[in-house]
Amino acid sequence: MPTPAPTPTSPILTSTPRLHISLLSPTPTHSAFLHDLWTTPDFTTSCGPSPFKNPDDATAFLTNRLQSIYTTSNHQRGIFLLSRRPHPTAPLVESVPIGTISLMQGTPPDGYRVPDIGFCVLPAESGRGYATEAGRAMVEYACTELGTAGVFGFCDVENARSRRVLEKVGLEDRGERALRAFGGRRSAVYALSGMAADLGVYGVEG
Ligand SMILES: CC(C)(COP(=O)(O)OP(=O)(O)OC[C@H]1O[C@@H](n2cnc3c(N)ncnc32)[C@H](O)[C@@H]1OP(=O)(O)O)[C@@H](O)C(=O)NCCC(=O)NCCS
């Protein structure tokens, strides 16, 4: 699968020595990348059927849904591009897209009072610690830059790789719940170390 270059103008949210985390935009390169990433067997096995039949569907998602989340959250929530830096000081334009990382937060009663992180890495790039590195950077960004009172991680209870990443990022296993944010589907719930034992404080049910 070809790896398209990111648009040089995509604003960077935060960076690590190996990665840039930047905003996605409805460009042909980002649309093609997102379509390819979210149609891999890794994605569909873990997250269910892809929302995209073709890159045009990804363009529509980036143009409508994601831009709306960016706008209403002052570009501090949403789904972001993960790019691998060829060397520790490489700018975004020299980096290669390898995945996405999300920091999502609805508004009560549908959403919760702190955001949750989620990630997806190309199969060819997985197993190298990129999701863990990006997750740690995103948690740091949420806590220090946004001042959130915690961070959640939700995933399918059978998704052992994702559960391992959430643990390595510093989130604790808080059991399984049927989450309204996921249409009532039973999900594994992880919460940042130090968050209240009673997750009802954050609007989480049950
Ligand atoms: C889950 C995903 C993001 C992980 O990305 P990654 O960059 O490979 O993750 P990392 O390399 O940082 O860490 C993977 C960890 O999982 C472990 N792992 C791999 N397969 C595993 C399995 N079957 N069971 C348990 N742990 C497993 C690895 O050994 C590693 O842990 P370690 O460092 O202690 O050895 C990636 O596989 C993916 O995109 N999956 C599809 C989408 C998805 O499931 N997203 C999560 C929904 S929130």
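The values are calculated or read from the model by the stated rules, or taken from the named source; none is laboratory data. This is a predicted model, so every value here is computed, not measured. No Cβ is skipped: glycine too gets one built from the backbone with ideal geometry, and neighbour counts run over all protein chains shown. Accessible surface is based on the protein model in full, side chains and every heavy atom, while ligands, DNA and RNA are left aside. Shrake-Rupley method; radii C 1.70, N 1.55, O 1.52, S 1.80 Å.
So for region 114-127 (the condition being near the ligand (Cβ under 7 Å from one of its atoms), farther than 20 Å from Q67 by Cα, of a type in the set (S, T, Y) and more than 13 Å from the chain's Cα centre (by Cα)), does at least one residue qualify? The answer is yes, given that some residue of region 114-127 is near the ligand (Cβ under 7 Å from one of its atoms), farther than 20 Å from Q67 by Cα, of a type in the set (S, T, Y) and more than 13 Å from the chain's Cα centre (by Cα). Among residues of region 37-51 that are farther than 12 Å from L122 by Cβ and touching a residue at least 60 places away in the same chain (Cβ under 8 Å), those with a Cβ under 7 angstrom from a residue that is of a type outside the set (V, I, T) and open to solvent by 50 Å² or more (accessible area, probe 1.4 Å), sequence gap 6+ or separate chain, pair up as S46/D156. Within region 79-103, the set of residues being under 12 Å from the mean Cα position of the chain (by Cα) and within 10 Å of the ligand (Cβ to nearest atom) comprises L82, G99, T100, I101, S102.
The residue that is surrounded by the most Cβ atoms within 10 Å (Cβ to Cβ), counting only those in region 134-143 that are more than 10 Å from the ligand (Cβ to nearest atom) and more than 11 Å from P115 (Cα to Cα), is A137. Is region 144-155 home to any residue that is near the ligand (Cβ under 8 Å from one of its atoms), touching a strand residue (DSSP E or B) at 6+ places or on another chain (Cβ under 7 Å) and in contact (Cβ under 8 Å) with a residue 60 or more places away in the chain? Yes, some residue in region 144-155 is near the ligand (Cβ under 8 Å from one of its atoms), touching a strand residue (DSSP E or B) at 6+ places or on another chain (Cβ under 7 Å) and in contact (Cβ under 8 Å) with a residue 60 or more places away in the chain. Against the definition (modelled with pLDDT of 95 or more, touching a helix residue (DSSP H, G or I) at 6+ places or on another chain (Cβ under 7 Å) and surrounded by fewer than 20 Cβ atoms within 10 Å (Cβ to Cβ)), how does P123 come out, yes or no? Here the answer is yes, as P123 does meet what is asked. A single entry from A178, A131, A197, A160 fulfils the requirement of being away from the ligand (no atom under 16 Å from the Cβ), open to solvent by 10 Å² or more (accessible area, probe 1.4 Å), under 18 Å from C47 (Cβ atoms) and aliphatic (A, V, I, L, M): A178.
Restrict the check to region 54-62 and report whether at least one residue is touching a Cys at 6+ places or on another chain (Cβ under 9 Å), closer than 27 Å to S187 by Cβ and open to solvent by 20 Å² or more (accessible area, probe 1.4 Å). Checking region 54-62: not a single residue is touching a Cys at 6+ places or on another chain (Cβ under 9 Å), closer than 27 Å to S187 by Cβ and open to solvent by 20 Å² or more (accessible area, probe 1.4 Å). Of the numbered criteria (1) modelled with pLDDT under 95; (2) not in a strand (DSSP E or B); (3) not charged (D, E, K, R), the one M195 fails is (1).
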